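K.L.:
Let me begin by handing over the structure; questions about it come next.
What follows is calculated from the coordinates using simple rules that are stated; it is not laboratory data. Everything quoted here is computed from the prediction, not taken from an experiment. Here the Cβ is made from the backbone with ideal geometry for all residues, glycine too, and neighbour counts use every protein chain on show.
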């Protein structure tokens, strides 16, 4: 697969059309699996890693997983291409930075990704747009079952699926939703929400790892434990809490509109104005402003921007995406290029943005 | 804003929730990595996972590091030297990295892992999905598990060592044993693909 073909498309999970996609950006399920006959990745020799990669790549190619998959040899990718895959959430940062034979198989919609030789031999991920944890779980089950026909996963009757880190043992499942919670941040209720999630053993993380509010009010909620409950129960544990969070965020948005409409409208309009006219802008500021504009679109305060556009910009204004979009232009800095890209994107929004885009 | 540990700009703003208290930590990327490795639980990131940065773990590491509590230094020193018959990892190495070396470690260090896993998950029994493929008869003492197949890891290591000391007889025995296990265990499609391994 040529990565350049991905540059001009966006993943299915960014469509912004699934259930409750005003708040739930995406739903993701991943399974950690290891082959029984090889050491775990951190203990594997170069030869072990190469053998594991080859065995998994060949077997995965030989079974139908419900989707046509393209295989990317991550071990031989340039750094910018590895970063690009991280930004698209198709591989993890650790997978990008690791050494030795490794790869990822992905489908054209970017819903399914299978990382080979990450922390575990195999990490299967299914990501859907909006709130669709059950859909993602049903899909990943098919992939897992198909692969299990042709490999022997490391399994112990009492411990379940054996993983390199004991934090993943048992089901090896991580169920997560990515939520956009700007109103809870603005009304300063977000900490209270996090505290209550922590009490019920759910983890909260930011969009790309652990930086949180600075990354535009996007948060991931996921299960922390993987043993002692069935996969269905763990999916349900996360699924149960999401409607509550959606309700809190909607109420906070209603409150903002009702009580501080002028102020909110001003914040959103300023954010939109900066994005359309800035000459240089950091990644962090872009995320923060896109978050506000996204809320503005959903509150009906901005009429001419599509949700999927904002979702897509959140990814396309990341450093590796920008660098790929601009080709080999090394003279221009990321921040200048990002501002130019945003101006160009919003060109046509009104006469002022058209004038400043050039 | 500057990193609380150095003069670089803080790019990670972490809100820690500890026993009902909220604490904010502002760090540069490098210090955030160290901090999160010390304090955050596995995957985060699902680091391991794309996007989310499931932060990789180190709840396992931290807990593994604290396993020594309640043991005498002497007990711990003995425990630390124990190593896996298959992959050769010592318990000390596991305590240090928070990552196990191979599937057999779960049997080799079962007694030590039991309280650690109970601590992490609040449970010690898997109740989820199980592989549907039957396990060969006489697969060893792991019952319906795959430890019989994991024995290949030890045999492969032994074969390599035998070759390095030019003991080709032992190397051949190990190779034959590996083939016998593969014949008994591997799914048909798997064996065909394994020929070149």
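K.L.:
Calculated FRET efficiency, residue A:45 and residue A:347, Cβ-Cβ r, R0 45 Å, to nearest 0.05?
P.N.:
Here the calculated transfer efficiency is 0.25.
K.L.:
Rounded to the nearest 0.05, what FRET efficiency do residue A:284 and residue A:108 give with R0 = 51 Å and r taken as the Cβ-Cβ distance? Could you check?
P.N.:
Using R0 = 51 Å, I get an efficiency of 0.95.
K.L.:
Further question on the same structure: If the elastic network links every pair of Cα atoms under 10 Å, which of A:131, A:298, A:289 fluctuates the most in the Gaussian network model of chain A?
P.N.:
In the Gaussian network model the winner is A:298.
K.L.:
For the pair residue B:127 and residue A:192, how long in nm is the line joining their label points, each one 7 Å along Cα→Cβ?
P.N.:
In this crude spin-label approximation the distance works out to 3.3 nm.
K.L.:
What is the distance in Å between the Cα centres of the stretch A:1-71 and the stretch A:78-109?
P.N.:
For the stretch A:1-71 versus the stretch A:78-109, the Cα centre distance is 9 Å.
K.L.:
Still on this model: What area, in nm² and to one decimal, does the C-alpha convex hull of the stretch A:3-178 cast on average over all directions?
P.N.:
Taking the Cα atoms of the stretch A:3-178, their convex hull projects to 9.8 nm² on average.
K.L.:
A follow-up question, please. Please state, rounded to one decimal and in Å, the Kirkwood hydrodynamic radius that the stretch A:250-357 gives when every pair of distinct Cα atoms enters the mean of 1/r.
P.N.:
14.4 Å
K.L.:
For residue B:175 and residue B:160 in one chain, what is 0.36 nm times their gap in residues minus the Cα-Cα distance, to one decimal in nm?
P.N.:
My answer for the length gained is 4.4 nm.
K.L.:
For chain A, take the longest principal axis of its alpha carbons; what is the angle in degrees between that and the long axis of helix A:334-346, to the nearest 10 within 0 to 90?
P.N.:
On a 0 to 90 degree scale, this one is about 70.
K.L.:
Can you sort A:115, B:86, B:159 by how many other beta carbons sit within 10 Å, fewest first?
P.N.:
Final ranking by Cβ density, sparse to dense: B:159, B:86, A:115.
K.L.:
Among B:126, A:265, which comes first, second and so on when ranked by fewest other beta-carbon atoms within 10 Å?
P.N.:
Fewest-to-most Cβ neighbours within 10 Å comes out as A:265, B:126.
K.L.:
Would you mind giving the mean number of other chain beta-carbons within 10 Å of the Cβ of each residue in A:215-221, as a whole number?
P.N.:
The mean count of partner-chain Cβ atoms within 10 Å per residue comes to 2.
K.L.:
How high is the relative contact order of the stretch A:3-178, in percent, with contacts defined as C-alpha pairs under 8 Å that are six or more residues apart?
P.N.:
37 percent
K.L.:
Take chain A, connect every pair of alpha-carbon atoms lying under 10 Å apart with a spring to form a Gaussian network, then pick out the residue of A:199, A:141, A:306 with the largest mean-square fluctuation.
P.N.:
So, out of A:199, A:141, A:306, the one fluctuating most is A:199.
K.L.:
Now, a different point. For residue B:110 and residue B:77, what is the calculated FRET efficiency with R₀ set at 22 Å and r taken between the beta-carbons, to the nearest 0.05?
P.N.:
Calculated transfer efficiency: 0.60.
K.L.:
Next question, about the same structure. Return one quarter of the surface area of the convex hull spanned by the alpha-carbon atoms of the stretch A:10-97, equal to its mean projected area, in nm².
P.N.:
7.5 nm²
K.L.:
Moving to a separate point now. Obtain the nm distance between the two label points defined at residue A:62 and residue B:92 by a simple spin-label model: each point lies 7 Å from its Cα along the Cα-to-C-beta direction.
P.N.:
Each label point lies 7 Å from its Cα, and together they span 4.2 nm.
K.L.:
Counting pairs of alpha carbon atoms under 8 Å apart in space and at least six apart in sequence, what relative contact order in percent does the stretch A:250-357 give?
P.N.:
Contact order relative to length: 31 percent.
K.L.:
Additional query: Can you give the helix-only mean residue ellipticity at 222 nm for chain A, where every DSSP H stretch with n ≥ 4 adds -39500 (n - 2.57) and the sum goes over all residues, rounded to the nearest 500 deg cm²/dmol?
P.N.:
Result for chain A, helices only: -14500 deg cm²/dmol.
K.L.:
Something else now. If chain A were replaced by its equivalent ellipsoid, with semi-axes equal to the square roots of 5 times the Cα gyration tensor eigenvalues, what would those be, largest first, whole Å?
P.N.:
In descending order the semi-axes read 36, 26, 16 Å.
K.L.:
Can I ask one more? Quick check: residue separation of residue A:149 and residue A:236 times 0.36 nm, minus the Cα distance between them. What number comes out in nm?
P.N.:
28.6 nm is the gain from fully extending residue A:149 to residue A:236.
K.L.:
Taking the beta-carbon count within 10 Å as an exposure proxy, list A:321, A:134, A:344 from fewest neighbours to most.
P.N.:
Neighbour counts put them in this order, fewest first: A:344, A:134, A:321.
K.L.:
Now, a different point. Please give the contour-minus-distance gain from residue A:260 to residue A:247: 0.36 nm per residue of separation, less the Cα-Cα distance, rounded to one decimal in nm.
P.N.:
Roughly 2.8 nm would be gained on extension.
K.L.:
Using a Gaussian network model of chain A with C-alpha springs under 10 Å, which one of A:216, A:303, A:160 is most mobile by mean-square fluctuation?
P.N.:
Between A:216, A:303, A:160, it is A:303 that shows the largest mean-square fluctuation.
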